[in-house]
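These notes concern the structure reproduced below.
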Amino acid sequence: LKATQKCDIIRAGIWKPRTRPGSFEGVGVKGLPWMQRVKEELEMPVTVEVATAKHVDLCLSFDIDILWIGARTTVNPFAVQEIADALKGVDIPVLIKNPINPDLSLWMGAFERMEKSGLKELGAIHRGFSNLGETYYRNRPQWQIAIEFTRLNPEIPMICDPSHICGRRDILQDVSQKAMDLDYDG
């Protein structure tokens, strides 16, 4: 999805991993029929974040079109492998967010696990990296890590998630422009 194109995918956080218990963690499985309805009414593909094999199975049973692996899951190779195993033999696009910590090997490892399961349609999401004491960005972009990822994996499309990087409106346009200047795919 080029930045100059219209939106043509609906994204929803059915499951929302949170640091602290008691925070809103999404509506869970009851939201999957809602996604089916959105897909039918708007005639658009839908995407949902998955963090477990059970999430994968549920999404597949509800005909979700695209899956994404969030930053908190990307940091856990065991969780990524569980998802990769659940997707073995399935032909579905999977987007993988960078891990919350600035670790290029960890991010690439998630892609390698998906590729070993036979997945062909993979995409990267650059959402920035957590940084203790950061005050300007919610998640520091550390553009050099995403640039290096793309240099090493030119066949994998890169999408910027400026809302996660920024955490505020006043810098959203600048971050989005930087991603376009870097020739991101969305």
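The values are calculated or read from the model by the stated rules, or taken from the named source; none is laboratory data. Everything numeric in this text was worked out from a predicted model, so none of it was measured. Here the Cβ positions follow ideal geometry from the backbone for every residue, glycine too, while neighbour counts run over all protein chains shown. Surface areas here come from the heavy atoms of the whole protein model, side chains and all, with no ligands, DNA or RNA. Shrake-Rupley method; radii C 1.70, N 1.55, O 1.52, S 1.80 Å.
Odds and ends about this structure:
- Taking the listed residues K6, K39, the one that is in a loop (DSSP other than H, G, I, E, B) and farther than 26 Å from V75 by Cα is K6, with no other qualifying.
- Qualifying residue in segment 169-179 (condition: under 28 Å from T52 (Cβ atoms), surrounded by 15 or more Cβ atoms within 10 Å (Cβ to Cβ), touching a residue at least 24 places away in the same chain (Cβ under 8 Å) and among the hydrophobic types (A, V, I, L, M, F, W, C)): no
- Criterion violated by A146 - all others in (1) without any contact (Cβ under 8 Å) to a residue 24 or more places away in the chain; (2) touching a His at 6+ places or on another chain (Cβ under 9 Å) satisfied: (1)
- Among the candidates R37, R20, R11, residue that is open to solvent by 50 Å² or more (accessible area, probe 1.4 Å) and within 16 Å of the chain's Cα centre (by Cα): R11
- Of the criteria (1) open to solvent by less than 30 Å² (accessible area, probe 1.4 Å); (2) within 15 Å of L122 (Cβ to Cβ), which one I64 fails: (2)
- Among residues of segment 104-130, those that are open to solvent by 50 Å² or more (accessible area, probe 1.4 Å), over 20 Å from T47 (Cβ atoms) and either part of a strand (DSSP E or B) or free of Cβ contacts under 8 Å to residues at least 24 places away in the same chain (or both), counted: 2
- Within the option set G26, G13, G22, G31, being small (G, A, S), at pLDDT below 95, farther than 18 Å from V94 by Cα and touching a strand residue (DSSP E or B) at 6+ places or on another chain (Cβ under 9 Å) holds for one residue only, G26.
- Considering R140, R169, the condition of being basic (K, R) and farther than 21 Å from R11 by Cβ is satisfied by R140 alone.
- Being of a type in the set (D, E, K, R) and modelled with pLDDT under 95 holds for only one residue in E134, E148, and it is E134.
- Scanning segment 126-172 for residues that are under 12 Å from M108 (Cα atoms) and under 17 Å from the mean Cα position of the chain (by Cα) turns up I145, A146, F149, T150, N153, I156.
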